[in-house]
Amino acid sequence: MNLRELARLLDLSQTTVSRALNGYPEVNEDTRQRVLQAVRMTGYRPNRAAQRLATGRTNSIGLVMPTGAGRDTDLHFAEFLSGLSEVAVGNDVQLVINPSRIEDEEATFRRLAAGGSVDAVYLSYIRRSDPRIALLKSLSLPFVVHGREIDGVLDYPLLDIDNAGAFADATRLLLQLGHRRFAFLNAADHLSFAIARHQGAAEALSAAGLALDPALVQNSPMTEEHGYRGMMRLLDQAEPPTAVLCSSVILSLGAVRAVNERGLRLGRELSLIAHDDVFPYLKAENFSTPLTTTRSSIRQAGIRIAERLIGEVAGIAADPQQEIWKADLIVRASTGPAPGSSRPKARAQAPT
């Protein structure tokens, strides 16, 4: 199957089919979907070299994946990538993964831009003041940021969740239940989403005349083992917390194991709220005690960023350029009144 035969099958001109395959905005969406469906049915594959010569595009999205000794397997990245891949496959776009040591990331982005091997890139794991963003703004390469800087002007295309708002809401719920001693199992402290989550919790506590005790805050990779060790350390405190915030259900998997080993009951002696990225293989509602969570699908974020990258390449800018998604607060059995408190237990909310 070549381009001429595909065009004859669809009763379209070769130019229209080519433009539909290459994301030109003047081709309407119904026609583009007809062409993509025919591509899937016939197995047609364009000649990439000829396509690049004709359009100046590679039909590829670039990902720079941090690597190096001591880096843990990142299930969050895998789930994000599944959403990104779904849209890429549906639009006949290739994903080009570029492993890079953290200290070499800027050079990797420069090489991608200079080499013309990808049409656009996405950037994640954003830091407080991230030099990679300034670099990408200086290069002639479309990009979208997953996350945002804590400091600086938000004058670049991004998608993020309201991390501070989510953890402020979670903290206020626990305050309403009478809790006064809080702990936080958070992600690494150089990551902007971890900083924002800490800020949200701290601001909610400050409004109640309280503060997070630094001895009850852990910053670490978001793995089950770090959750287990962190919770064990918290429970060994002379005055353990009655409320724990977790930056991931993966952290909370280890935290709950520690709680169970100590013979404590979630929602009774200890309350816990985790952030849920909506993993299909680790559902908060299926824990031995269903977890109260702040929730926003990281897979849906991958889908949206792929759509935006493809749109950027086609010259279709997203509106708005800065998307901030609100996280849902889902109340389940892992939160209850503080020990010794007479406050009523919060009513569970059905997932939305």
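The values are calculated or read from the model by the stated rules, or taken from the named source; none is laboratory data. The model shown is predicted, which means the values in this text are computed figures rather than measured ones. Here Cβ is always computed from backbone atoms with ideal geometry, including for glycine, and neighbour counts include all displayed protein chains. All accessible areas refer to the heavy atoms of the entire protein, side chains included, with ligands and DNA or RNA removed. Shrake-Rupley method; radii C 1.70, N 1.55, O 1.52, S 1.80 Å.
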Q) When the residues of region 106-135 are filtered to those that are among the aliphatic types (A, V, I, L, M) and under 20 Å from the mean Cα position of the chain (by Cα), which remaining residue is farthest from N22 (Cα to Cα)? A) I126
Q. Any residue at all in region 310-321 that is among the aliphatic types (A, V, I, L, M), under 23 Å from L63 (Cβ atoms) and at pLDDT 95 or above?
A. no
Q: Look at region 317-339 and say how many of its residues are open to solvent by 10 Å² or more (accessible area, probe 1.4 Å), under 30 Å from L266 (Cα atoms) and not in a loop (DSSP other than H, G, I, E, B).
A: 3
(Q) I'm checking my understanding of the structure. Among residues of region 75-99 that are without any contact (Cβ under 8 Å) to a residue 40 or more places away in the chain and more than 18 Å from R45 (Cα to Cα), which one is least open to solvent (accessible area, probe 1.4 Å)? (A) N98
Q.
Against the definition (in contact with a strand residue (DSSP E or B) (Cβ under 9 Å, 6 or more places away or on another chain), farther than 30 Å from V145 by Cβ, assigned to a strand (DSSP E or B) and not hydrophobic (A, V, I, L, M, F, W, C)), how does S271 come out, yes or no?
A. yes
Q. Do we find a residue being touching a residue at least 40 places away in the same chain (Cβ under 8 Å) and surrounded by 22 or more Cβ atoms within 10 Å (Cβ to Cβ) anywhere in region 199-210?
A. yes
Q: State which residue is nearest to F279 (Cα to Cα) when the search covers only region 292-308 and only residues that are hydroxyl-bearing (S, T, Y) and outside any strand (DSSP E or B).
A: S297
Q.
Looking at region 224-243 only, could you name the residues that are within 28 Å of the chain's Cα centre (by Cα) and crowded, with 18+ Cβ neighbours inside 10 Å?
A. E224, H226, G227, Y228, G230, M231, L234, A243
